[in-house]
Amino acid sequence: MKYIVMECHGGYAVLMDEAARFVKAANRHYTVGQTVTDPILMEENKEKTPSRNITVIKRFAAAAASIAVFAGASYGYYYQNLKPHSSVIICSASDICLNLNKKGHVISVTSDDPAGEAIIREYNYKGKDKLKVAGDILEIEMAKGMLSSGDSVRMYVDTEDPENCDVYKTELEDGMKGLDLNISVCEIGAQPAVSDPVPPPIQDQPAPEKKDEAPAKPAETAGVPGPGSENHPDAPAPPDPAKDGHKDKEGPAAPPQPAHSDDAPAPAAPDDKAEDPPPPPVDGDKPAPEAPGEDTPQPPAPAAKNDDKPTPPSPPVPAEQGDEKTAVRLTAAIQPPAGPVAAPIPPEPNRHPPVPEQEGSPDNLPAPEAPDPIDHPVAPEAEGPLS
Amino acid sequence: MDQDVQKLIKQVYEAKTDSHAADELIASYMPFIKSETARFINRPPQPEDDELSIAMFAFYEAIRSYSKLKGSFLSFAARQIKNRLIDNYRKEKRSRGLISLDTPDEDDNELIDTISDSHDEYEENEIREATQAEIRELSAQMETFGVSLSDVADNSPKQGRTLAACQKAVAYARSHPGILEEFLRTKRVPIAKLAEGTNTERKTLERHRRYLVAVLLICTNGYEIMRGHIMQVLKGGEIT
């Protein structure tokens, strides 16, 4: 492209190209009006301006970083101050649960008891330490007459950190010493270390009258002691409902003597074969065929005493099915009734004579010499569920 | 010392917009420019050396692009001069295999003397003088509009799209003699009419008003050589 030199200065010259562009170039000894072809043009002032995309990205990054910092700070505050980390349950006249944050300050107080709710409504617990709140609650209860001096109060600590649990236990035990109460602190689910003569009022607790009605003898004979039957026969169940339920289930699992005698298989041999009872079935073994035969002892017919009616043959039930049926009957007899723990029904002395002890059989299998032809015509295998 | 630095910075900022101040600053710092050139070519520069012209041009570029944030002006100018000389050296290196017309042969005759010259030197001188006369006339007429050629060079459109819009406006004015007459009479660029007639953004034309002044003046009578130089554009041809 050709340029006309329009103006000359010491450091530069103004040129005009064929596109009517005016440019500045190095003055290489040009004269005005000269036509040049290869000038050294001035470079454009390249001011680096950040592109719009980079600016937008920077703004987004700044906003995201701000949000992240704010979220982190918020979560940190929530984790330290607002998130419940542990709880202390005061089992006194009014069951009150203190929810604590990580610092051990009370963040909320709940109670299912109306008296406890009334105390919570009147008391401002926010921001206070657990010791202060627990002490105040107990003092309020004492002031209201719900507790008296020397009463026992149990506290349960529930926390995620076992070290915290020990610390809280120590703090609570030390902090409550000023009160004239018998206070014991333990981890939730654990057996209290100190026996408490006054049980906490638990609604689902069985009535004491029913306990008295329940004979202790069958439980002992069953070999499985009931809850607290050995050390603390009258001790209440711990407040852990799961544990209670577990113990309730285990208690009646011991087959009471009457039930045992009811479902016990009667000797299948008639009177003439009484001296030759069939061998007791072994676990896992198939029982002897039920079909009546010459060698097979006949099950005692309920109408054996009634000579008019023929003895009904035992139904050809398979051994396993018979086991299942027996197990169902036993389970039904073992299952505790809903609600309070039911005491085992005492045996009827006239219908169920006491079964002689069989020391040789660990499973307490019925003796073949003790037939009960009236109520139990067929029950050859019974040790399975009992064992 | 600080006062000298502050004075230099003040002169530099003044020379950014004033071409005369720039010339004075360049003249006053010619020893510095020569020393930087000598450092590069390893000899004292002569006035006819291209390197010295390029160094002076680099100094002017440094004046235009200097900012206080870039540190000392002289250091910045020295770096600018060095970079320009390196660029020129690389450019010359590319054509180093070519034989110069000034190379003497065995009989001490230069090569250029052996080539038949079709150019008529007298005719060229006449054309150059006529062009100079036109440029002087144009400069004088531009002064009445308050515009110098340096201003026009600074205000010339850089982007092709903007240049095309301005050329479209100039072509529209040439096709409407009334607009040129109004321009000469009022000494104001009829931006509104040009923008309306060419469907061009008024803001675009407004930003390049001084450039339009120069080109519209060239389009009027009396500047035949310059008009012939840019005839391709005035006819609406492609810009290369």
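Placing R0 at 60 angstrom, the Cβ-Cβ distance between A:PHE70 and B:ASP113 gives a FRET efficiency of 0.10 after rounding to 0.05. Here's the picture: charge each Lys and Arg Cβ at +1 and each Asp and Glu Cβ at -1 in the stretch B:121-222, and of B:THR204, B:HIS176, B:ASN221 the one pushed furthest to the positive end of that dipole is B:THR204.
In this structure the amide hydrogen of A:SER108, modeled in the peptide plane, comes within under 5 Å of the amide hydrogens of A:ASN99, none closer than 5 places in sequence on its chain.
Per-residue mean of other chain beta-carbon atoms within 10 angstrom of the beta-carbon, peptide B:124-133?
Values: counts 2, 1, 0, 2, 7, 1, 1, 7, 5, 1.
For this peptide, the per-residue mean of nearby foreign Cβ atoms is 3.
Residues whose amide H lies under 5 Å from that of A:CYS8, counting only those 5 or more places away or on a different chain, are A:VAL14; hydrogens are built 1.01 Å from N in the peptide plane.
Fewest neighbouring Cβ atoms within 10 Å first, the residues B:MET231, A:MET6, A:MET42 line up as B:MET231, A:MET42, A:MET6.
Contact order, relative form, for chain B: 14 percent (alpha carbon pairs under 8 Å, 6 or more residues apart, mean separation divided by residue count).
Over the stretch A:84-187, the alpha carbon radius of gyration divided by the compact-protein estimate 2.2 N^0.38 Å works out to 0.97.
Of all alpha-carbon pairs in the stretch A:1-133, indicate the percentage at a distance above 27 angstrom. Result: 62 percent of Cα pairs exceed 27 Å. Peptide A:23-31 has a mean shielding of 5, counted as Cβ atoms of other protein chains within 10 Å of each residue's Cβ.
Scanning residues 5 or more positions from A:GLU187 or on other chains, those with amide H under 5 Å from its amide H are A:VAL157, with H placed 1.01 Å from N in the peptide plane. Springs between Cα atoms under 10 Å define the GNM used for chain B, and in it the highest mean-square fluctuation of B:GLU134, B:GLU36, B:GLU196 occurs at B:GLU196.
Assuming R0 = 41 Å, can you tell me the calculated FRET efficiency for the pair B:GLU182 and B:GLU124, based on Cβ-Cβ distance, to the nearest 0.05?
Working: r = 38 Å, r/R0 = 0.92.
It comes out at approximately 0.60.
Of the residues B:SER150, B:ILE127, B:THR162, the one whose Cα sits farthest toward the positive end of the charge dipole of the stretch B:119-166, with +1 on the Cβ of Lys and Arg and -1 on the Cβ of Asp and Glu, is B:THR162.
Between B:SER35 and A:LYS128, the modelled labels are 8.5 nm apart [label points 7 Å from Cα along Cα→Cβ]. In chain B, the convex hull through the Cα atoms has an average projected area of 18.4 nm², a quarter of its surface area. For the stretch B:40-55, the Karplus equation 6.51 cos²θ - 1.76 cosθ + 1.60, evaluated at θ = phi - 60°, returns couplings of 7, 8, 6, 6, x, x, 9, x, 8, 6, 5, 4, 5, 4, 5, 5 Hz by residue, with Gly and Pro reported as x. Each of the peptides A:163-173, A:20-30 was scored by the mean count of other Cβ atoms within 10 Å over its residues; in descending order, highest first, they stand as A:20-30, A:163-173. Taken one residue at a time, the phi angles of the stretch A:12-25 give Karplus couplings (6.51, -1.76, 1.60, θ = phi - 60°) of 7, 9, 9, 10, 10, 8, 6, 8, 6, 8, 9, 10, 9, 9 Hz. Gly and Pro are set to x. Size check on the stretch A:82-134: the Cα extents along the three principal axes, sorted descending, read 28, 18, 17 Å. Each Cα pair of the stretch B:2-94 feeds into the Kirkwood radius, which the Stokes-Einstein equation turns, at 25 °C and 0.890 mPa s, into a diffusion coefficient of 182 µm²/s.
Take each residue in B:150-162, count the other chain C-beta atoms within 10 Å of its C-beta, and the mean is 4. Mean residue ellipticity at 222 nm, helices only, chain B: -21500 deg cm²/dmol; runs of at least 4 DSSP H residues each add -39,500 (n - 2.57), and the sum is divided by the number of residues. Here, the stretch B:127-234 yields an orientationally averaged convex hull projection of 6.4 nm² when only Cα atoms define the hull.
Between the Cα long axis of helix B:121-144 and the first principal axis of chain B there is an angle of about 60°, rounded to the nearest 10.
With a simple spin-label model that places each label point 7 Å from the Cα along the Cα-to-Cβ direction, the separation between B:GLU106 and B:SER75 comes to 5.8 nm. 3J(HN,Hα) along the stretch B:25-32: 5, 5, 5, 6, 9, 4, x, 4 Hz, from the Karplus curve 6.51 cos²θ - 1.76 cosθ + 1.60 with θ = phi - 60°, whole Hz, x for Gly and Pro. Among the listed pairs A:LYS103/A:LYS128; A:LYS24/B:LYS158; A:LYS2/B:LYS187; A:LYS83/A:LYS177; A:LYS2/B:LYS158; A:LYS24/B:LYS7, which are separated by more than 21 Å between their Cα atoms? Result: A:LYS2/B:LYS187; A:LYS83/A:LYS177; A:LYS24/B:LYS7 exceed 21 Å.
Every read-out reported here was derived from the displayed coordinates using simple, explicitly stated rules and does not represent laboratory data. Small disclaimer: the values here were computed from a predicted structure and weren't measured. Here the Cβ is made from the backbone with ideal geometry for all residues, glycine too, and neighbour counts use every protein chain on show.
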